[in-house]
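Here's the structure we're looking at; comments come further down.
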Amino acid sequence: MNSPPVIAIDGPTASGKGTVASLVAEKLGFHYLDSGALYRLVALGSQKASIDPTNGAELGLLAQKLVISFKNGQILLNSEDVTEVIRTESIGLCASAIAVHPEVRQALVGVQHGFRKAPGLVADGRDMASVIFPDATLKVFLTATADARAERRYKQLIAKGISAKLEDLLRDLQERDARDSSRGAAPLLVADGAKVLETSDLSIDQAVKTVLDWYQAKTA
Ligand code: CDP
């Protein structure tokens, strides 16, 4: 039996991949996997359990034990609604720190594969095309300049009523880019066969349309 098709969308922080990926999924009636949320959940769990972010073995065990569920736009960790809590910049930085450990990444592989259901899946993250779904029908690397991404993140936070400083966001984002790209396990990279989509000067609608056009061309 053929596996349901996957569109893998990878890219650096604040590149807009979450927004684009969820809209593409909606248009196609596909399932959606926000893999970054899984690393954010492990980060939150590790803080609650006071686990040292450098302790890969213990973090891996924690990741295996966490009870994670995505329900009607809500994200639950051990049945607690943590949808908003995991979105802070500090959890993002902690997620990037714990995501370097192969034990953590390995613990999350099965959960991610579980999202691949008919009629198809749009998955966003850092290693969707390279490691988790190497047989994806379409692989997209979505990116934008660091300045454009910092500005987007700034607007997002302000719109949510969270105060933020542009220069702090730019610094955090560059720190996260450097760590995500240089780690040994599943680094952020343009996977073989991936198409690069530079979105600094594109609207969300234009980016979504480009991905849909590419997917149509692949499946025509
Ligand atoms: O929203 P943003 O792009 O800032 O972050 P995210 O996608 O929620 O991911 C948070 C962190 O998890 C990233 O900085 C990565 O270090 C890590 N991550 C990963 O290692 N692999 C993935 N497939 C997704 C996220």
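The values are calculated or read from the model by the stated rules, or taken from the named source; none is laboratory data. No experiment lies behind these values; they were computed from the predicted model shown. As a convention, Cβ positions derive from the backbone with ideal geometry for all residues, glycine included, and neighbour counts pool all protein chains shown.
From the list 55, 2, 78, the lone residue that is without any contact (Cβ under 8 Å) to a residue 12 or more places away in the chain, more than 18 Å from the chain's Cα centre (by Cα) and over 20 Å from residue 184 (Cβ atoms) is 2. The residue pairs whose first member lies in the stretch 104-130 and is in contact (Cβ under 8 Å) with a residue 24 or more places away in the chain and closer than 19 Å to residue 60 by Cα, whose second member is of a type in the set (Phe, Trp, Tyr) and assigned to a loop (DSSP other than H, G, I, E, B), and whose beta carbons are closer than 9 Å, counting only pairs six or more residues apart or on different chains, are 112/133. Filtering the stretch 15-61 to residues that are closer than 19 Å to residue 86 by Cα, more than 15 Å from the ligand (Cβ to nearest atom) and assigned to a helix (DSSP H, G or I) leaves only 48.
Evaluated against (1) without any contact (Cβ under 8 Å) to a residue 12 or more places away in the chain; (2) within 16 Å of the ligand (Cβ to nearest atom), residue 170 falls short on exactly one condition, (1).
The rows are residues; the columns are (1) away from the ligand (no atom under 14 Å from the Cβ); (2) under 22 Å from residue 201 (Cα atoms); (3) β-branched (Val, Ile, Thr); (4) assigned to a strand (DSSP E or B).
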{"position": "118", "(1), (2), (3), (4)": "yes, no, no, no"}
{"position": "124", "(1), (2), (3), (4)": "no, yes, no, yes"}
{"position": "136", "(1), (2), (3), (4)": "no, no, no, no"}
{"position": "141", "(1), (2), (3), (4)": "no, yes, no, yes"}
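When restricted to residues that are among the aliphatic types (A, V, I, L, M) and either in contact with a Lys or Arg (Cβ under 6 Å, 6 or more places away or on another chain) or closer than 27 Å to residue 56 by Cα (or both), the stretch 143-194 contains 10.
Identify, please: which residue in the stretch 1-14 is more than 10 Å from the ligand (Cβ to nearest atom) and of a type in the set (Val, Ile, Thr) and is, among those, farthest from residue 124 (Cα to Cα)? In this case the residue turns out to be 6.
Within the stretch 197-213, residues that are under 17 Å from residue 7 (Cβ atoms) and in a loop (DSSP other than H, G, I, E, B) have Cβ atoms under 7 Å from residues that are at pLDDT 95 or above and not small (Gly, Ala, Ser) in these pairs: 199/142, counting only partners at least 6 apart in sequence or on another chain.
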